[in-house]
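All remarks here apply to the structure that follows.
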Amino acid sequence: MPKVTVDGVEIEVPAGATVLQACELAGKEIPRFCYHERLSIAGNCRMCLVEVKPGPPKPQASCALPATDGQEIRTDTPMVKAAREGVMEFLLINHPLDCPICDQGGECDLQDQAVAYGRGGSRYEENKRAVTEKYMGPLIKTVMTRCIHCTRCVRFSEEIAGVDEIGAIGRGEDMQITTYLEQAAKHELSANVIDLCPVGALTSRPYAFEARPWELKKTLSIDVSDAVGANIRLDSRGRAVMRALPRVNDDVNEEWLSDKGRYMVDGLGKRRLDKVFMRKRGGLAGSTWDEAFKEIAKALKSKDKSTIAAVAGDMVDCETMFAAKALLRACGSGLIEGRQTGMDYDVSNLAAVNFNSAIAGIENADAILIVGSHVRWEAPLVNTRLRKAAKRGAKVFVIGPEWETTYPATFLGSDLALLNKLPKHVTDAFKAAQRPAIIMGGAAIARGALHAGLAAADKLGCVRADWNGFNVLHFSAARMGGLMLGFAQRQGMKDIVAAKPKVLLALGADEMDFEPFADALKVYIGHHGDKGAHAADIVLPAASFAEKDGTYVNTEGRVQFAEKAVFAPGDAREDWTILRALADALGVNVGFDSFAELQAAMIAEVPALGEEGLADYGALPKADSKAKADGTITAYPIKDFYLTNAIARASTVMQQCSAELLHGDEMREAAE
């Protein structure tokens with residue numbers, strides 16, 4: 001490891017480190033615009049200039065200069081100070097004085113660094129350059145006159161998202177950053193360029209002119225739009241969530257966030273259930289909590305209250321599910337299920353339905369077989385890891401209908417029988433691999449291919465002493481938490497239907513088929529007037545993920561905690577309080593009276609839910625070599641990436657994205 005001297009202090013740096021990284025290890029702040037830790041080095045903004053000996057007697061760009069043994073680096077000399085002032089002066093030559101109306105104000109790298117490293121005034125008196133605006137879709141607002149050509153957005157699109165949609169045209173003063181043919185950026189991670197942009201050239205179109213950062217309360221939360229469990233920060237003002245931003249977590253989402261996770265939050269304030277409804281004369285009419293609880297108690301008026309069932313939706317937190325389980329247990333019922341769309345795979349060993357190589361670990365795989373998963377739509381942030389693996393040389397094979405990958409992949413066909421006997425070029429690739437992996441998606445699991453996948457993983461050598469490459473990719477935020485809490489019947493929803501419950505509690509379950517429960521009293525406990533509320537006989541308004549504390553478990557079994565950002569609207573209450581009040585109405589004891597008591601009881605029953613981090617599900621079950629897969633995957637579960645849950649379907653932004661980016665509809669005027 002080379003030793004360098006930074007401002008008179010000798011430090012040891014890792015081999016391959018740059019001078020900029022060496023300075024940061026020494027505790028020195030180096031200004032930069034183009035350099036980003038997760039992107040390739042461009043070296044084109046020149047803001048990170050330092051003085052290095054031995055070397056030419058001039059400032060050098062530290063981001064592109066390797067640190068070598070014996071270097072003397074100075075970050076505080078008059079030469080460096082003058083050079084940085086000069087670079088900043090050049091950057092500001094064409095930059096407009098937009099700060100009062102720019103949405104980047106208060107979060108702008110250019111503002112901060114102009115104050116810290118720039119001159120006290122301007123000497124430029126010529127006309128500034130103006131650039132025509134570019135259209136990048138419904139999510140990204142562009143004011144390209146502000147652009148300083150750092151190319152972060154270009155490198156992100158090419159290297160991380162894997163979609164070459166943004167680039168530079170022209171040269172010198174005529175250079176402009178734009179999407180090709182000036183069309184919308186259509187990939188699932190497009191809005192991350194907003195976070196990357198160090199100036200106000202790319203800002204959030206839906207958030208334009210809504211708030212300043214110092215007005216907002218910041219709350220740590222978890223994205224529930226898929227099963228990745230991306231770490232997010234909810235920024236709220238008053239009782240409204242204004243925006244969602246990604247938080248850094250290298251084990252889960254790095255510092256990226258899918259467009260759906262970022263922008264569906266505007267749906268939190270639309271189509272909300274804010275009072276109790278009961279079905280009267282064929283339609284839903286306003287009611288009271290007492291009247292609703294009395295109706296539920298009336299349906300269970302016999303001594304035997306066990307004819308009650310609960311189905312959990314895709315965005316429910318663990319505390320809500322445990323409260324429902326405690327209520328049903330007190331009633332003498334065990335009819336709880338979380339796989340609302342009808343899946344019935346074996347959950348006797350949770351390691352068999354877990355993403356065992358971990359989200360961060362999959363990028364180290366060198367041969368990957370994806371079975372029945374449209375990864376780009378089901379888990380965009382897992383797809384970025386697969387792209388990393390492919391860039392490192394991993395061979396990727398897919399069983400299922402073709403979809404547009406962001407890395408080289410070989411589609412083998414849609415016949416699940418391929419799992420039983422894979423083509424020779426696939427088996428050869430897996431034999432040569434050190435860390436082979438298989439990813440089972442929802443389309444394969446729904447067709448009973450789980451055990452065949454385990455057998456295939458065994459044959460392909462995916463499980464070794466230091467590597468577990470068998471993975472199941474869920475796409476529901478509540479799935480793993482529900483399985484840990486026992487929300488699974490042997491035959492899934494078939495067992496719930498067969499039991500013919502008198503009362504069905506739908507906990508935010510909007511994707512299930514309510515038709516088999518025509519004779520039951522259907523009670524929907526949720527936050528949006530979506531499919532579940534439309535089918536219900538009684539609607540009890542509940543809190544969304546942003547309006548309550550809660551525990552979530554992602555597809556790799558990582559336990560994470562989300563905090564309450566705002567209060568629920570109107571008469572809506574946190575789910576556990578509704579279930580606790582319902583217990584009183586039914587005359588049963590659930591064993592908790594506060595959220596702390598509820599959480600303590602849940603952790604006592606499932607200790608893994610009390611500790612943030614990866615849960616230990618033990619070893620994989622022994623594979624059944626006789627297990628076979630058959631059938632054809634005709635389609636993937638997600639038909640529309642932007643409209644997968646009740647919050648997204650209520651979101652104006654998500655509706656616009658679906659219409660424009662997926663279906664190509666032009667947004668019509670009101671008169672049309």
Cα principal axis extents for segment 1-147, largest first, Å: 48, 36, 25
Fraction of accessible area attributable to carbon and sulfur, the chain (%, probe 1.4 Å): 50
Once the Cα gyration tensor of segment 277-417 is diagonalised, semi-axes √(5λ) in Å: 45, 18, 15
For segment 520-623, with +1 on Lys and Arg beta carbons and -1 on Asp and Glu, the positive-most of PHE592, ALA623, TYR524 along the dipole: ALA623
Residues of the chain: accessible area per residue with a 1.4 Å probe, Å²: 41
Shape category assigned to segment 227-314 from the gyration tensor of Cα positions, a/c cut at 1.5: prolate
Cα-centred dipole magnitude for the chain, charges only on beta-carbon of K, R (+1) and D, E (-1), debye, nearest 20: 940
Too-long pairs where the Cα-Cα distance tops 24 Å, listed order kept, from LYS28/LYS81; LYS134/LYS260; LYS564/LYS639; LYS270/LYS531: LYS564/LYS639
Lysines with Cα under 21 Å of LYS391, excluding same-chain neighbours fewer than 8 positions away: LYS431
Overall form of segment 389-537 per C-alpha gyration tensor (a/c, 1.5; a/b vs b/c): prolate
Two-site label geometry, LEU245 and MET144: point separation in nm, points 7 Å out along Cα→Cβ: 2.6
Peptides 85-94, 605-614 ordered by average Cβ neighbours within 10 Å, highest first: 85-94, 605-614
Segment 381-451 and segment 99-132: distance between their alpha carbon centers, rounded to Å: 48
Heavy atoms of THR427: accessible area, 1.4 Å probe, square angstrom to 10: 40
Furthest towards positive pole of dipole, ASN471, GLY400, GLN176, structure part the chain, Cβ charges: GLY400
Cα-based convex hull, segment 158-208, per residue volume (Å³, whole number): 109
For segment 327-342, Karplus couplings with θ = phi - 60° (6.51, -1.76, 1.60), whole Hz, Gly/Pro x: 5, 5, 4, 5, 7, x, 10, x, 7, 10, 8, x, 8, 5, 8, x
P(r) of segment 524-641 over all Cα-Cα pairs, binned every 10 Å from zero, in whole percent: 10, 25, 31, 21, 11, 1
Mean projection area, nm², convex hull over Cα of segment 154-313: 15.8
Solvent-accessible ranking of TRP256, TRP214, largest area first, probe 1.4 Å: TRP214, TRP256
Alpha carbon centroid spacing (whole Å) that separates segment 532-556 from segment 474-525: 13
Under 5 Å, built H, 5+ apart or other chain: amide partners of ILE370: PHE397, VAL398, ILE399, ILE439
Dipole of the chain, positive direction: furthest Cα of LEU662, ALA417, LEU507, with charges on the beta-carbon: ALA417
Spin-label model distance (nm) - ASP593 vs ALA465, 7 Å beyond Cα toward Cβ: 5.6
Computed Kirkwood radius, in angstrom, where 1/r is averaged over Cα pairs of segment 1-55: 12.1
Fraction of alpha-carbon pairs over 17 Å apart in segment 53-114 - percent: 55
Under 15 Å from the Cα of LYS298 - aspartates and glutamates, other chains or at least 8 residues apart: ASP290, ASP519, ASP537, ASP584
Pairwise FRET efficiency - THR652 versus ASP519, Cβ, R0 = 51 Å, nearest 0.05: 0.85
Label-point separation in nm, THR5 to ASN349, each point 7 Å along Cα→Cβ: 6.1
Relative contact order computed over the chain (Cα-Cα under 8 Å; 6+ residues apart), in percent: 14
Heavy atoms of GLU563: accessible area, 1.4 Å probe, square angstrom to 10: 80
Computed magnitude of the charge dipole of segment 90-138 (debye, nearest 20; Cβ of K, R +1, Cβ of D, E -1): 240
Centre separation in Å (Cα based) which lies between segment 147-213 and segment 278-350: 46
Surface/4 of the Cα convex hull for the chain, nm²: 33.9
Whether segment 477-581 is rounded, prolate or oblate, judged on the alpha carbon gyration tensor where a/c under 1.5 counts as rounded: oblate
Solvent-accessible surface ranking, highest first, for VAL143, VAL375 at 1.4 angstrom: VAL143, VAL375
Relative contact order of segment 174-314, pairs being alpha-carbon contacts under 8 Å that are 6 or more residues apart, as %: 15
FRET efficiency, LYS639 to ASP69 (Cβ-Cβ, R0 60 Å, nearest 0.05): 0.55
Karplus-derived HN-Hα couplings along segment 619-636 (A = 6.51, B = -1.76, C = 1.60, θ = phi - 60°), whole Hz, x at Gly and Pro: 7, 5, x, 5, 6, 8, 5, 8, 5, 10, 10, 8, x, 10, 7, 8, 7, 9
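The values are calculated or read from the model by the stated rules, or taken from the named source; none is laboratory data. Every value quoted in this text rests on a predicted model; they were computed, and no experiment measured them. When we count neighbours, we look across all protein chains shown, and the Cβ atoms used for this are built from the backbone with ideal geometry, even at glycine. Heavy atoms of the whole protein, side chains included, go into the accessibility calculation; ligands, DNA and RNA do not. Shrake-Rupley method; radii C 1.70, N 1.55, O 1.52, S 1.80 Å.
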